[in-house]
Structure formats: C-alpha cells, structure tokens
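K.L.:
Have a look at this one.
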Amino acid sequence: MGVVAAARTDETLLDVARRSGIPLGNACGGVGVCARCVVEVCQGLEALTPPTTIEQRVSSERRLGSGKRLACQVVIIGDCVITTDYW
Ligand code: FES
C-alpha cells in the first residue's frame, strides 16, 4: 500500500494499522484466534516481538509458515515492512 505508520510504545501491529487507516482483517477482536490478521513480514522480522504462546499455537494449527505473523499479537519494536495477500 505504500503507507508509512509510526508505532507507539507497546502498540500491536493491528492497533497501528487501525489507527493509521490501514485495512487489516480481524474477526476476533484481536485475541488471537481467527488468524484474519495474518501479515507477511517483508523486512524487519527482528523488529517484532517474538511470537506469543497463542500465536505459536495458531501459526502451527494453520501452518502459516515463516515470515507470517498475527498482527494482533505482535508489538513493533523497530522498523519493519509488511504486506498481506489482499492489499
Ligand atoms: S485479529 Fe484474530 S487472530 Fe488477530
């Protein structure tokens, strides 16, 4: 989409997207069960907090693969570039 957004302290990727008007799927309110918020990290995988237990479980069950993260479970701690299948 070419949008640049800045994260606030302890803000999830989904929260940043919502605040910035970036459309990201979500159907569970960000509790980590629907996997609609999956994003692909193009750059800066190390700039995201490690997967939570919930994210690990969902990622394994849905076989998301490396580089895919749940935006509602990720807190941004540095610069990153993400995309989705539907943008
Ligand atoms: S919003 Fe449902 S898993 Fe992220």
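A short reminder: the numbers here are calculations on the coordinates, not readings from a lab. Given the structure is predicted, the values throughout are model-derived calculations rather than measurements. Virtual Cβ from ideal backbone geometry, glycine too; neighbours counted across all protein chains shown.
K.L.:
Can you run down the residue pairs with Cβ atoms below 7 Å, 6 or more apart or on separate chains, where the first is in the range 31-45 and on the phi > 0 side of the Ramachandran plot and the partner is near the ligand (Cβ under 10 Å from one of its atoms) and hydrophobic (A, V, I, L, M, F, W, C)?
P.N.:
Once the first residue is on the phi > 0 side of the Ramachandran plot and sits in the range 31-45, its partners that are near the ligand (Cβ under 10 Å from one of its atoms) and hydrophobic (A, V, I, L, M, F, W, C) give Gly32/Ile54; Gly32/Val58; Gly32/Leu70; Gly32/Cys72; Ala35/Val58; Ala35/Leu70.
K.L.:
Does the range 1-13 hold any residues that are surrounded by 18 or more Cβ atoms within 10 Å (Cβ to Cβ), among the β-branched types (Val, Ile, Thr) and in a loop (DSSP other than H, G, I, E, B), and which are they?
P.N.:
Answer for the range 1-13, where residues must be surrounded by 18 or more Cβ atoms within 10 Å (Cβ to Cβ), among the β-branched types (Val, Ile, Thr) and in a loop (DSSP other than H, G, I, E, B): there is none.
K.L.:
Take the residues in the range 60-83 that are of a type in the set (Gly, Ala, Ser) and over 12 Å from the mean Cα position of the chain (by Cα); name whichever of them is farthest from Gly2 (Cα to Cα).
P.N.:
That would be Ser60.
K.L.:
Look at Ile77 and say whether it is surrounded by fewer than 17 Cβ atoms within 10 Å (Cβ to Cβ) and in contact with a strand residue (DSSP E or B) (Cβ under 8 Å, 6 or more places away or on another chain).
P.N.:
Judged against the criteria, Ile77 is a match.
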